[in-house]
Structure formats: C-alpha cells, structure tokens
Amino acid sequence: MEIEQTVMVQCPYCAQSFEVLVDLSAGHQEYIEDCEVCCRPVSLVIDVAEDGTATVQTQGEDV
C-alpha cells in the first residue's frame, strides 16, 4: 500500500486546481495550505478510507 498520494483539489477562492500530497498513514487530518495559484489559505479536511482512498474537502477561511 502507498504511504503518500497526490490529490488534486480546487481552491475555494480562485477555483483553480492544485495538488496536495496526502499522508495516507495519518488517517483523518485537518490543516491549512496556501493555494499555489492565488496564495490564499485553504483549509483542507482529509479522510482516508480503509481501502487507502483519500477524500479531501477544501474550505476558505471566510466560510
């Protein structure tokens, strides 16, 4: 099983897609990463299923 996975997410501000690297061994995670396009802070909520599939939700700080 892979330990890390690259996931494409969409910025809630500029709507551009960018990649985030997810640590699949960490399970549920929440952290903030700057958008690679507009540099605004994006809140990432990551859940990893038992089969190793990562789900990433993005949220702006103004929500």
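The values are calculated or read from the model by the stated rules, or taken from the named source; none is laboratory data. On a predicted model such as this, the values are computed, not experimentally measured, just so you know. Using ideal geometry, Cβ is built from the backbone for each residue, glycine included, and neighbour counts are taken over all protein chains shown. Just the protein is used for accessible areas: all its heavy atoms, side chains included, with ligands, DNA and RNA removed. Shrake-Rupley method; radii C 1.70, N 1.55, O 1.52, S 1.80 Å.
Residues of the range 48-55 include none that is in contact with a Ser or Thr (Cβ under 7 Å, 6 or more places away or on another chain) and assigned to a strand (DSSP E or B).
State which residue is least open to solvent (accessible area, probe 1.4 Å) when the search covers only the range 46-57 and only residues that are out of contact with any Asp or Glu (no Cβ under 7 Å at 6 or more places or on another chain) and without any contact (Cβ under 8 Å) to a residue 24 or more places away in the chain. Ranking the candidates gives Ala49 first.
Checked against the criterion of being out of contact with any Lys or Arg (no Cβ under 9 Å at 6 or more places or on another chain) and open to solvent by 50 Å² or more (accessible area, probe 1.4 Å), the candidates Glu61, Glu36 yield just one match: Glu36. Among the residues of the range 30-45, not a single one is closer than 15 Å to Glu2 by Cβ and without any contact (Cβ under 8 Å) to a residue 60 or more places away in the chain. Filtering the range 11-35 to residues that are among the charged types (D, E, K, R), over 10 Å from the mean Cα position of the chain (by Cα) and under 15 Å from Gly60 (Cβ atoms) leaves only Asp34.
Yes/no matrix, rows are residues, columns are (1) open to solvent by less than 100 Å² (accessible area, probe 1.4 Å); (2) among the aromatic types (Phe, Trp, Tyr); (3) assigned to a loop (DSSP other than H, G, I, E, B); (4) at pLDDT 95 or above:
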| position | (1), (2), (3), (4) |
| --- | --- |
| Met1 | no, no, yes, no |
| Val7 | yes, no, no, no |
| Pro12 | yes, no, yes, yes |
| Leu44 | yes, no, no, yes |
